[in-house]
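What follows draws every value from the coordinates through simple rules; no lab data is involved. Treat the numbers as computed from the prediction; the structure is a model and nothing was measured. For neighbour counting, all protein chains shown are included, and Cβ atoms are generated from backbone atoms with ideal geometry for every residue, glycine included.
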């Protein structure tokens with residue numbers, strides 16, 4: 001087991017966390033979403049939406065790349081920062097070899113790290129970006145993720161033309177991209193800490209019930225964050241998971257209650273928030289790399305900037321599967337990364 005190495009000079013906190021001595025700022029963000037998302041509860045909050053889910057492209061994959069590019073342009077534009085001022089870019093998506101990211105950000109020519117954490121990728125990107133800023137490796141880091149309903153269905157399930165039926169436990173992959181500029185320039189939101197998640201596998205194999213697959217990882221990271229920082233649920237205004245949906249949320253509550261924690265009054269899930277379950281037929285809720293990212297940019301960060309929320313634990317969740325692992329009968333492990341976001345006057 002990892003030996004804790006806390007001292008007055010260390011930024012390490014507990015077994016899995018980092019508490020920054022000089023907390024990086026979350027300077028700006030941009031959100032791009034598709035037509036179904038535009039019709040949902042957050043529709044008017046996104047920076048850019050399109051009724052054409054191809055975003056002017058010929059393929060779903062190219063459309064996803066276009067979304068990432070637009071999200072980055074919006075984020076940099078809000079901060080009046082040029083691409084050449086960004087030291088590193090951390091980006092990822094759900095597709096093989098991260099093609100949506102590599103093709104989307106190519107024109108910026110920013111040194112980049114391609115990531116894959118499934119739907120937890122926005123948390124992974126923010127964690128690595130904030131760690132680099134805190135370590136003095138650059139004044140600006142860019143984090144970007146995306147997902148697209150059309151490209152994800154083709155990659156992991158069935159092409160849309162098959163019109164296959166989905167069980168009630170299935171999620172609806174969000175068509176969206178969120179980008180975030182992290183740096184030393186002052187803003188009203190700081191990333192004060194990170195809890196890096198572990199892979200948690202309860203042996204579940206149902207790819208149409210990702211909420212159940214991811215809930216154990218969310219439980220593990222939330223509980224570890226409490227332990228590492230010496231906090232409980234009452235010290236956060238919101239504890240926000242990425243895309244557990246309605247099924248995963250219930251499982252998370254049960255798992256934490258067994259460990260002696262109750263977060264029901266503090267919990268919010270991006271997959272539940274982004275769609276209207278009654279009118280939009282999204283079954284268990286939203287998912288995908290874009291789900292947590294666009295919800296963070298459009299809904300969560302504005303509340304932090306205004307001071308409506310003072311401290312939030314943002315926990316994007318990911319189901320680590322591929323078409324190969326699924327076809328070979330492997331289980332679907334989960335991972336979740338915790339990002340502590342705080343309001344600054």
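Quick notes on this one:
- Mean Cβ count within 10 Å, highest first, over the residues of peptides 14-22, 257-265: 14-22, 257-265
- Percent antiparallel among DSSP beta bridges (both partners in the stretch 25-183, rounded to 5): 55
- Segment residue 257..residue 21, full-extension length gain: 81.7 nm, with 0.36 nm per residue of separation and the alpha-carbon distance subtracted.
- Sites residue 109 and residue 139, calculated FRET efficiency, Cβ-Cβ separation with R0 30 Å, nearest 0.05: 0.95
- The mean sequence distance of close C-alpha pairs (under 8 Å, at least 6 residues apart), as a share of the length of the stretch 177-269, puts its relative contact order at 27 percent.
- Sites residue 199 and residue 232 - FRET efficiency at Förster radius 41 Å, r taken between beta-carbons, to 0.05: 0.95
- Packing-based order for 27-40, 182-195, 107-120, 237-250, using average beta carbon neighbours within 10 Å, highest first: 237-250, 27-40, 182-195, 107-120
- The chain - share of DSSP beta bridges that are antiparallel (%, nearest 5): 65
- For the stretch 189-343, the convex hull spanned by the alpha carbon atoms encloses 108 Å³ per residue.
- Once the C-beta distance of residue 39 and residue 311 is scaled by a Förster radius of 35 Å, the resulting FRET efficiency is 0.65 to the nearest 0.05.
- Packing, taken as the mean count of other beta carbons within 10 Å per residue, orders the peptides 42-55, 125-138 from highest to lowest as 125-138, 42-55.
- Within the stretch 209-223: backbone nitrogen closer than 17 Å to the residue 331 label point (7 Å, Cα to C-beta): 209-221
- Whole-Å distance, taken between Cα centres, linking the stretch 312-345 and the stretch 258-274: 15
- Viscosity 1.306 mPa s, temperature 10 °C, Stokes-Einstein D of the chain from Kirkwood C-alpha radius, µm²/s: 81
- The chain: relative contact order as a whole-number percent, Cα under 8 Å and 6+ apart: 24
- Full extension of the chain between residue 207 and residue 280 gives 24.1 nm of extra length, using 0.36 nm per residue less the Cα-Cα distance.
- Label-reachable residues, the stretch 112-136, where backbone N falls under 19 Å from a point 7 Å from residue 84's Cα toward its Cβ: 112
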